[in-house]
Amino acid sequence: MNGATASAIPLPAVERARRHRGAVAFAWLWIAGALLASMALALLATVPALPTTADAVALWVDDARFQLTWAGELLFFATIAWGVGAAGAFAARGSGSPLRRTTALVALGVALIAFVVVLLALGRLVYPVVDIELAAETIVLLESVVIGAVHLALLALGVVAFTLPVPTRSTAARRAIVALGVTLGVLFVAGSYPWLLPMWLNLVVAG
């Protein structure tokens, strides 16, 4: 029996139901990861600007400890949930261009790796490591790493929004989803420069 004939054989009802449940679970993990990442980015958007004097830099970490701590915690769970959801969603063969699907998957992988870099830097900022106090220069470096990684993650999410396949067969729904993807892509690309934007606009991008 060749592959074409085998693929034409309808799946048993039990197998179809199992695959449907799996697809729903992966979709919910994707949504949960996206929401957790959104909350983490919103917390980072409320962090005040880094001061320029050495004494003020140390106080800045204490003042922003709540946002920095919980942003890192949320990003940890966001990365796992989003990664598992994406792996399951993209593992199933869907409609749409394989090039778009692969591009979206790779871009999401880049975003998740950038989130890992962010949470590692945040963890070093807020958690003590063998009681070594961070110098002001190190704090500035770690904050620069956070900003750079967030920049990379949002650019990658912009690519995901532009290239994510749209499986629906309804023309109206397809157009609406494409329009939403383009809108989100533009927001992500614009929001990838958080140091140039006011806090309220960074919060809009995070949400």
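Bear in mind these aren't lab numbers, they're just calculated from the coordinates by the rules spelled out. None of the values given here were measured: they were computed from a predicted structure. Neighbour counts run over all protein chains shown; Cβ positions are idealised from the backbone, glycine included.
Once phi is turned into ³J(HN,Hα) by the Karplus curve 6.51 cos²θ - 1.76 cosθ + 1.60 with θ = phi - 60°, what whole-Hz value does each residue of the range 63-68 show in order, with x for glycine and proline?
5, 9, 4, 4, 4, 5
Using a cut-off of 10 Å between beta-carbons, work out the net charge of the residues near THR163 (Lys and Arg +1, Asp and Glu -1, THR163 not included). Don't jump to the answer; show the numbers that get you there.
Working: positive: ARG100, ARG101; negative: none.
Every neighbour counted, the sum reads +2.
For the residue pair THR102 and LEU201, what label-to-label distance in nm results when each label sits 7 Å from Cα along the Cα-to-beta-carbon direction?
Spacing of the two 7 Å Cα→Cβ label points: 3.6 nm.
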